[in-house]
């Protein structure tokens, strides 16, 4: 179904949940191959990575911004929904415009085209490959694959963009563990019996540097899954000092940084791509729906408002809207903002400038 011509919105913004990403590649051709057969290759690649890292400059965020006193506020007029659901939970938009929706009612993934037309339904309740228990989040930003946070099964599953199962990764328990843990065996390939993990991935993002960043609902930790070294790094753990995370609720990736919203600290906390703390700035995070990084901007979404900040914490602008129900997820794409409630998906065309409500 085509979007309504009556849909209106505000200024030009682009991208989505995070910057465009590269897909992760198999460590082995079969999950049961001996690990030693890849030792030489791992050593060579790791040496190259370490050499490149030592030569690179540390990430420097700009100084903290002063509190803005003149922030434009725009009113977004919402048109008819482009898609309807029984009980949606999250969604992700691929670079070519396909929309992947986590359907909590069916325990499945819905694939839509850019106009909201249903193209297919993936999975259903269960523990086997191509099945989900309490799926919580999805990321389709690579364009070739999409990954699902299969929370009830304690694993991450990966599929081709057309829905063919590729592999899954059981996430082990990290409660009380060291900062860096090994993950053995690694991803289980198609045709090999999948396993359940001991953690509960509830938020999932694939980074531009080919790693998975997720939030574990059991330990309330941010985890960085490195396919190359077959390891999991706990980001913002108890040994992180000022960067210690207490209650991470969402994470965004881009610009070489990882941004985490922590609703006990009431701060957005920044780490570099290796998981080292950089800095933080205070934010109102009560009732936060989502955090997104988009080309040097931090987007904080609430049930009826979007707030846009620069990396210094300076507020740039904000957008208010009325969906008739609480927003549960959103995405920022070139020229388009997508907003989702549990029942509906809305497309807001940003080519038309929204009405300025106030400048305060």
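The values are calculated or read from the model by the stated rules, or taken from the named source; none is laboratory data. Keep in mind the model is a prediction, meaning the values are calculated, not measured. Counting neighbours? That spans all protein chains shown, and the Cβs are built from the backbone with ideal geometry, glycine included.
Determine, yes or no, whether residue 325 is under 30 Å from residue 105 (Cβ atoms), out of contact with any helix residue (DSSP H, G or I) (no Cβ under 7 Å at 6 or more places or on another chain), surrounded by fewer than 17 Cβ atoms within 10 Å (Cβ to Cβ) and modelled with pLDDT of 95 or more. Considered against the rule, which asks whether it is under 30 Å from residue 105 (Cβ atoms), out of contact with any helix residue (DSSP H, G or I) (no Cβ under 7 Å at 6 or more places or on another chain), surrounded by fewer than 17 Cβ atoms within 10 Å (Cβ to Cβ) and modelled with pLDDT of 95 or more, residue 325 comes out as no.
Taking first residues from the range 287-303 that are under 9 Å from residue 250 (Cβ atoms) and partners that are part of a loop (DSSP other than H, G, I, E, B) and at pLDDT below 90, the Cβ contacts under 6 Å between residues at least 6 apart in sequence or on separate chains come to 292/17.
For the range 263-275, filtering for residues that are over 16 Å from residue 311 (Cα atoms) and under 19 Å from the mean Cα position of the chain (by Cα) leaves 3.
Selection over the range 108-131 of residues that are over 19 Å from residue 346 (Cβ atoms), part of a loop (DSSP other than H, G, I, E, B) and out of contact with any helix residue (DSSP H, G or I) (no Cβ under 9 Å at 6 or more places or on another chain) gives a count of 4.
When the residues of the range 274-290 are filtered to those that are in contact with a strand residue (DSSP E or B) (Cβ under 7 Å, 6 or more places away or on another chain) and under 26 Å from residue 226 (Cβ atoms), the one that is modelled with the lowest pLDDT is 275. Within the range 60-71, at least one residue is at pLDDT below 90, closer than 22 Å to residue 289 by Cβ and assigned to a loop (DSSP other than H, G, I, E, B).
Of all residues in the range 90-107, those satisfying the criterion of being under 20 Å from the mean Cα position of the chain (by Cα), more than 18 Å from residue 349 (Cα to Cα) and surrounded by fewer than 20 Cβ atoms within 10 Å (Cβ to Cβ) are 104, 107. Taking the criterion of being assigned to a strand (DSSP E or B) and under 21 Å from the mean Cα position of the chain (by Cα), the residues of the range 334-352 that qualify are 336, 337, 338, 339, 340, 344, 345, 346, 347, 348.
Might you check whether a residue that is without any contact (Cβ under 8 Å) to a residue 60 or more places away in the chain and closer than 22 Å to residue 250 by Cα occurs anywhere in the range 82-92? Before the answer, list the steps.
Within the range 82-92, the first condition is being without any contact (Cβ under 8 Å) to a residue 60 or more places away in the chain, and the residues that meet it are none.
Checking the range 82-92: not a single residue is without any contact (Cβ under 8 Å) to a residue 60 or more places away in the chain and closer than 22 Å to residue 250 by Cα.
Tally up the residues in the range 291-301 that are crowded, with 20+ Cβ neighbours inside 10 Å and either over 26 Å from residue 226 (Cβ atoms) or touching a helix residue (DSSP H, G or I) at 6+ places or on another chain (Cβ under 6 Å) (or both), please.
First pass over the range 291-301, keeping only residues crowded, with 20+ Cβ neighbours inside 10 Å: 291-294, 298-301.
Pick out the ones that are also either over 26 Å from residue 226 (Cβ atoms) or touching a helix residue (DSSP H, G or I) at 6+ places or on another chain (Cβ under 6 Å) (or both) and you get 299-301.
Adding up the residues that qualify gives 3.
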